[in-house]
4 protein chains.
Amino acid sequence: MRAGVHILITPTGLDKGTLTPADLLEIDPEGRAIAGRGRPSAETSLHTVIYHARPQAHAILHVHSIWNTLLSGQFASTGFVPLEGYELLKGLSGVATHVHRERIPIVENSQDYKKLASELAAALTENSGAHGVLLSRHGLYTWGESVAEARRHLEALEFLFEVEGRRLSGQQT
Amino acid sequence: MRAGVHILITPTGLDKGTLTPADLLEIDPEGRAIAGRGRPSAETSLHTVIYHARPQAHAILHVHSIWNTLLSGQFASTGFVPLEGYELLKGLSGVATHVHRERIPIVENSQDYKKLASELAAALTENSGAHGVLLSRHGLYTWGESVAEARRHLEALEFLFEVEGRRLSGQQT
Amino acid sequence: MRAGVHILITPTGLDKGTLTPADLLEIDPEGRAIAGRGRPSAETSLHTVIYHARPQAHAILHVHSIWNTLLSGQFASTGFVPLEGYELLKGLSGVATHVHRERIPIVENSQDYKKLASELAAALTENSGAHGVLLSRHGLYTWGESVAEARRHLEALEFLFEVEGRRLSGQQT
Amino acid sequence: MRAGVHILITPTGLDKGTLTPADLLEIDPEGRAIAGRGRPSAETSLHTVIYHARPQAHAILHVHSIWNTLLSGQFASTGFVPLEGYELLKGLSGVATHVHRERIPIVENSQDYKKLASELAAALTENSGAHGVLLSRHGLYTWGESVAEARRHLEALEFLFEVEGRRLSGQQT
């Protein structure tokens, strides 16, 4: 969560189910810890890349789900998951019609976070309209101007991933 | 929900999870706001069309689900989802046997609500026995003489959409 | 639920989610109401058939689920759902090994309850070891010496229906 | 759960949903009851085999799930379920990259617990890096240095079984 120039982030190695506000770390825009106990997660650099590339974003959500993992693998060679023709696309900020074409870019997963951060930055620039980014066989990043908007984007994208995943596995001939 | 000649409806842009009765808008049968803060949703005109075409209906439910989205796309070119041979069809008002043939018409989704309202009205007239209507890749409308009956219709139809969706994707040869 | 020679049963037309013990009807072994308000469900005769054919049974459960509906349709022409080789078969009373072959007979669904009762009685006699019976595209009946045993049978059978349903839809060649 | 040289285990025949700490049995490393009412489950010997083969383990979890049952049957002839390329593999203790290859061995299910214990011991020795073991069409055993770690392993493996199960059933060509 971004507040002014500082960012609040969950620390590494804690069970998300038992987190309290006191566990949040405060970091600067370069990802350095300013306040709070614990160490920022290795994925912190990806958050700072997104906040840099999407100045309106004030909240980022990252989720590993069955369907985003499946689609991020299935479409890895295509480079993006195409979503089109669904009313629920209107759950994405600025989208006013189901005719909208959303492309969620897929960045190849890596444990080299410098490489990952630079490829994520490139994907965000090339896909300036995208409301989320997938890491292949890893998970989804999405964001919003508020936590509520980021959640709405998360719910819309996960719903659409499941619909597309089921549709495609039902017609594989 | 219809009470006398007036209709209570949820306003646009509010998170349904945090709605309270005080948030409900009161509108007249033509969809004009009479009381309550907020603006009626763009889909209000579809509700008034249904109340007009189904005089017995006193409650309307509208749901986006994985399976109704899938079937409304899969059967879009057929024009309706056929449901037949299931005991749960008896969950639909007036249906006394599993031999019943239910056809849930599919109206092509649109952001032109005038066009949508007129096609919905036509679908309701042509399918006078239908207990619900689908908008393609969008969602289901169903209704009842009470909220309880509308919910029973919703549960029966969603159950049958899932059974049919799974049955069809399991035999795609 | 059987207590002595009398049977307690849920009345027709009530939402199961709001039932209280006071809503239960007391009926005799022929299905006639003895005490309680409301009318016994049309399926009462099926319960009395099961209590007659399975003297040890003191509780009967009847459930419509996605997977029992699917399998009862898919295997309708075979006449039974075969279940074999799963550890969870040991959840069925008297079954000591996963090598056990369980056959859940399928009775063709009907609104003629006399016909249905007589075919159910025949299925129970022919399949004296069966722990449940399916009505095609309708649902499952299972039972036990106690409510807890009937629930254990229900959970084991529903688990196995889902496993078999998913296994079969994943290998349609 | 292992505390010192003694082991706490759930007794046979109790509904896990109603267990309290007082129901736990204390057994010695050979599986003999030391304290507590009730009889150790027939699967106790499998727990002692795991504690013997994995000295760091202080908690063991055993779960029957839809997806572990399906994959343990589907890969029975291969002898193991291969898991590779998923970020969630990092949920397994000591795994630092999604490139990791996890092999979850499958032991053929049996009601002969002596045979099962000896085959389980062999599988644990041959697959010294494995974080879990499947019994075919039966369920998963996994473990950890603490209950929290065992739960993390369980959640990671079950997630990956579901992803792999859905991926494979969606591409059966």
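The values are calculated or read from the model by the stated rules, or taken from the named source; none is laboratory data. It should be emphasised that the depicted structure is a prediction, and the values quoted were computed from it without experimental measurement. A quick note on method: Cβ atoms are made from the backbone with ideal geometry, for glycine too, and the neighbour counts reach across all protein chains shown. The accessibility values were calculated without ligands, DNA or RNA, using every heavy atom of the protein model including side chains. Shrake-Rupley method; radii C 1.70, N 1.55, O 1.52, S 1.80 Å.
A few points about this structure:
- Residue-level check: of (1) touching a helix residue (DSSP H, G or I) at 6+ places or on another chain (Cβ under 7 Å); (2) free of Cβ contacts under 8 Å to residues at least 12 places away in the same chain, B:Ala122 misses just (1).
- Given (1) without any contact (Cβ under 8 Å) to a residue 24 or more places away in the chain; (2) open to solvent by less than 10 Å² (accessible area, probe 1.4 Å), number of the condition D:Arg167 does not satisfy: (2)
- Restricting A:Ala22, A:Ala3, A:Ala59, A:Ala35 to those that are under 30 Å from D:Ser93 (Cβ atoms) and more than 11 Å from every other protein chain (Cβ to nearest Cβ) reduces the list to A:Ala22.
- Residue that is farthest from the other protein chains (Cβ to nearest Cβ) [pool: residues in the range D:139-163 that are in contact with a Leu (Cβ under 8 Å, 6 or more places away or on another chain) and under 25 Å from C:His98 (Cα atoms)]: D:Trp143
For every residue, the table says whether it meets (1) crowded, with 19+ Cβ neighbours inside 10 Å; (2) out of contact with any Pro (no Cβ under 8 Å at 6 or more places or on another chain); (3) assigned to a strand (DSSP E or B).
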{"residue": "A:His47", "(1), (2), (3)": "yes, yes, no"}
{"residue": "A:Leu70", "(1), (2), (3)": "yes, yes, no"}
{"residue": "A:Gly73", "(1), (2), (3)": "yes, yes, no"}
{"residue": "A:Lys90", "(1), (2), (3)": "no, yes, no"}
{"residue": "A:Ala96", "(1), (2), (3)": "no, yes, no"}
{"residue": "A:Glu102", "(1), (2), (3)": "yes, no, yes"}
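- Residues (surrounded by 13 or more Cβ atoms within 10 Å (Cβ to Cβ) and outside any loop (DSSP other than H, G, I, E, B)) located in the range B:104-117: B:Ile104, B:Pro105, B:Ile106, B:Val107, B:Tyr113, B:Leu116, B:Ala117
- Residue list for the range C:124-138, restricted to those being charged (D, E, K, R) and more than 14 Å from chain B (Cβ to nearest Cβ): C:Glu126
- Residue under evaluation D:Ile34, criteria (1) open to solvent by less than 60 Å² (accessible area, probe 1.4 Å); (2) in contact (Cβ under 8 Å) with a residue 24 or more places away in the chain; (3) of a type outside the set (Asp, Glu); (4) outside any loop (DSSP other than H, G, I, E, B), criterion not met: (1)
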